[in-house]
Amino acid sequence: MCIRDRYQRRVHGGIDIKVNQDQDMTKTLLILSAILYISLCKTKEEWKSRVIYQLLTDRFAKDTPTNEGCQDLRSYCGGTFQGIMKNLDYIQEMGFNAIWISPVVENVDDNYMGYHGYHAKNFYKINPKFGTEEDLKALVNLCHERDIWVMVDVVANHVGPMKQINYSQIFPFNKPEYYHDYCEIKYNDLFYNQKIVEDCWLLDLPDLNQSHPFVREQLNSWIRWLVDTFNFDGLRIDTIPYVPKDFWVEFVQSAGVFSLGENSNDIENYVYDYLDSMDLSLIHISEPTRQAEISYAVFCLKKKKT
């Protein structure tokens, strides 16, 4: 899937061919372009050989080392892309050869403290708290120079919370019709009512309606832009069960890179359905407990359900 999509995207959208250009040269460019994308595309099996270090950009490292602690853990603490770059030796010395970074898009700033990145405001703008677009590109490029692969966390289920709902501040989903009407997802719904899980809101997070043509097309276009612009090697996709499976099939194909999905339900057949219907070979389980949230990744073998 990854190789084919990359090749088609490059052929149809990435090369400007002049009408009078020599045909042999055109074929050569197309072949070289395809080879380049094939060599850059990391497969599932290759990802299985990688040791991934998860980091929360805001909490990992500042531009300049300091002993000063974070004054308010509910808010931003100063971590940046530059801070990550300056600590790649530390990561590699521990034996890691891939990093998984938290969401990078601009978050809402409505006293909801989106330091973690999961409260999207502008899908096409990099969170200025972490740095610039050029900083993010430099981080990925430096990682690749050191044979470190970069997986980025992405959210397509919801946008950031707002004390007073004002969708005009969300880009590109700036109209009420792009969202499901408010209804609450309760804990038991996660196991017994899939329709509520997909059509209602997780906590107070406005829930995008992926059945709306505009929302669907924009999310697929956005993930293509994100991967292509910053040259990410893989995705960790947030809140997989909260969105219909058929959307994720398109989303993963649009991304064109290895994708890992989060699932908060550890029932085997429930998890298997997502592996079977999507191009995912790995599910990231987030299991809430009384003390904390336990996160772990599970490789699942394809097998018949009983």
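Is at least one residue of the range 128-137 open to solvent by 10 Å² or more (accessible area, probe 1.4 Å), acidic (D, E), part of a helix (DSSP H, G or I) and in contact (Cβ under 8 Å) with a residue 24 or more places away in the chain? Yes, that holds for at least one residue. Would you confirm whether any residue within the range 229-237 is part of a helix (DSSP H, G or I), open to solvent by less than 70 Å² (accessible area, probe 1.4 Å), within 23 Å of L55 (Cα to Cα) and in contact (Cβ under 8 Å) with a residue 60 or more places away in the chain? Yes; the residues of the range 229-237 include at least one that is part of a helix (DSSP H, G or I), open to solvent by less than 70 Å² (accessible area, probe 1.4 Å), within 23 Å of L55 (Cα to Cα) and in contact (Cβ under 8 Å) with a residue 60 or more places away in the chain.
Here is a yes/no grid of residues against (1) open to solvent by less than 20 Å² (accessible area, probe 1.4 Å); (2) farther than 16 Å from V108 by Cβ; (3) outside any loop (DSSP other than H, G, I, E, B); (4) touching a residue at least 12 places away in the same chain (Cβ under 8 Å):
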position	(1), (2), (3), (4)
D153	yes, yes, yes, yes
I165	no, no, no, yes
D181	no, yes, no, no
Y187	no, yes, no, no
E198	no, yes, yes, yes
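Taken over the range 200-218, the residue count meeting the criterion of being open to solvent by less than 60 Å² (accessible area, probe 1.4 Å) and closer than 21 Å to Y118 by Cβ is 12.
When D72 is tested against the conditions (1) open to solvent by less than 40 Å² (accessible area, probe 1.4 Å); (2) in a loop (DSSP other than H, G, I, E, B); (3) modelled with pLDDT under 90, the lone failure is (1). Does Y124 qualify as being out of contact with any Gly (no Cβ under 7 Å at 6 or more places or on another chain), surrounded by fewer than 16 Cβ atoms within 10 Å (Cβ to Cβ) and within 18 Å of L219 (Cα to Cα)? Here the answer is yes, as Y124 does meet what is asked.
Please enumerate the residues belonging to the range 50-69 that are open to solvent by less than 80 Å² (accessible area, probe 1.4 Å) and farther than 17 Å from G117 by Cα.
Kept after step one, since they are open to solvent by less than 80 Å² (accessible area, probe 1.4 Å), are these residues of the range 50-69: 50-53, 55-58, 60-63, 66, 69.
If the condition is that a residue be open to solvent by less than 80 Å² (accessible area, probe 1.4 Å) and farther than 17 Å from G117 by Cα, then R50, V51, I52, Y53, D63, T66, G69 are the ones that fit.
One residue alone among D238, D199, D246 is more than 16 Å from the chain's Cα centre (by Cα) and modelled with pLDDT under 95, and that residue is D246.
The values are calculated or read from the model by the stated rules, or taken from the named source; none is laboratory data. In this text, all values refer to a predicted model and were calculated from it rather than measured experimentally. Positions of Cβ are backbone-derived with ideal geometry, glycine not excepted, and every protein chain shown enters the neighbour counts. For the accessible areas, the whole protein counts, side chains as well, though only heavy atoms, and no ligand, DNA or RNA atoms are used. Shrake-Rupley method; radii C 1.70, N 1.55, O 1.52, S 1.80 Å.
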